[in-house]
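The values are calculated or read from the model by the stated rules, or taken from the named source; none is laboratory data. Since this is a predicted model, take the numbers as computed values, not measurements. Please note: Cβ atoms are built from the backbone with ideal geometry, for glycine as well, and neighbour counts cover all protein chains shown. Calculation scope for accessible area: heavy atoms of the full protein, side chains included, ligands and nucleic acids excluded. Shrake-Rupley method; radii C 1.70, N 1.55, O 1.52, S 1.80 Å.
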Amino acid sequence: MVFAIGALAGALPWLRRQAVTMRPIRAAVLIGTLLQVMAALAVTKSMGSGPLRPRTFELAGALVLAPLGAALFIWALRSAPRDAQGDPLITAGAYSWVRNPIYLAFLAMLIATGLLVSDGIKLILPVLLFLVGSELRIASEEAELAEKFPDTYAMYRKRVRWRYLPGLR
């Protein structure tokens, strides 16, 4: 819930800019967002009605992933310059490690939550939904950044190889 509120608060300036510039939201971003929301709902739906009883490895995984995801989320938010004019390309802080750290933070929190509340096998579908949604959104957002900052973004992509999954993507 805290992440949802934080994400919404972080999205408000972006939504205002979208409304002012009257740029339509791309279909890939909308579909990707819906898939990500469905992933979170699938984890929530898999919760039992009784008390949580995670196995030792599930609890250990959640205890590692949740704080890492929270720290990465906060680091990504703090990486954006506070006095920036317009819509700058952010390349420092968490963005110097992966190009889309907030997606990685949400994935870590989704998996941590899923480890606590669902049977292991039930976590596969939400993770796949989230990954597909993220890929759609990132492809669209990175195309927009490449168009807006052609040279700077090309250099940034060479310097920061990973979209959001270190070592994989």
Separation in nanometres of the label points that stand 7 Å from Cα toward Cβ, at D151 and D119: 5.8 nm
E142 paired with K158, simple spin-label distance in nm, labels 7 Å along Cα-to-beta-carbon: 1.6 nm
The chain: Cα Rg divided by the 2.2 N^0.38 Å rule of thumb: 1.09
Förster radius 25 Å - calculated FRET efficiency between I74 and L128, Cβ distance, rounded to 0.05: 0.40
Carbon plus sulfur fraction of accessible area for the stretch 59-150, probe 1.4 Å, in percent: 70 percent
Accessible area of the chain divided out per residue, in Å², using a probe of 1.4 angstrom: 62 Å²
Distance (nanometres) between label positions extended 7 Å along Cα→Cβ at L59 and D83: 4.9 nm
